[in-house]
Amino acid sequence: MQVKVQLNNLRTTPRKSRQVIDLIRNKSVAQARALLEFTVKRSSEPVLKLLNSAVATAVNDLKLEESNLTIFAVTVDEGPKLKRSFPMSRGRAYPILKRTSHITLILSEIKPTDAPKPVKAEAKKETKPAAEKPVKAAKAPKVSKAKKANTKK
């Protein structure tokens, strides 16, 4: 089972977001949280919130165990650019592109739980085991008197 969550229009450039994303790719949820909490980058906090949201969705909606989750895939795509201008000398204006990011995070199970659903006790038929025959004890092999005499020496 996979859980897919997205964070759109994050006001951080995709290049800077990819530096944080590369740290947590193919890690377990616990390892990724530890890395994100101690990463000193601006985009680490929104990525941590996105990871926590994905884990909460998996645990509450899909009834998966948090310890059984790993990061399957993480991508950072470019969002829309905010176009601004910076005034320069002689009345010129230089363009400024304020870039945004779209982050997609996919969690998956480490060990898929394909356990069969439990059967109700009423529907299950109780069968009595067949009468078992008592098992005879094995007899010790007969030893001749000559061998007994040799072993006593």
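Computed from the coordinates by the stated procedures, all read-outs in this text should not be read as laboratory data. Keep in mind the model is a prediction, meaning the values are calculated, not measured. Backbone-built Cβ (ideal geometry, glycine too); neighbour counts: all protein chains shown.
Please list the non-local residues whose amide H lies under 5 Å from the amide H of residue 69, H modeled 1.01 Å from N, same-chain partners needing a gap of 5 or more.
Residues meeting the criterion, in which the H sits 1.01 Å from N, are 29, 110.
In sequence order, what are the phi-derived ³J(HN,Hα) couplings for region 86-98 according to the Karplus relation 6.51 cos²θ - 1.76 cosθ + 1.60 with θ = phi - 60°, rounded to whole Hz, with x for glycine and proline?
10, x, 10, 5, 6, x, 7, 10, 9, x, 10, 9, 9
Among 23-29, 61-67, how do they line up from the highest to the lowest mean number of other beta-carbon atoms within 10 Å?
23-29, 61-67
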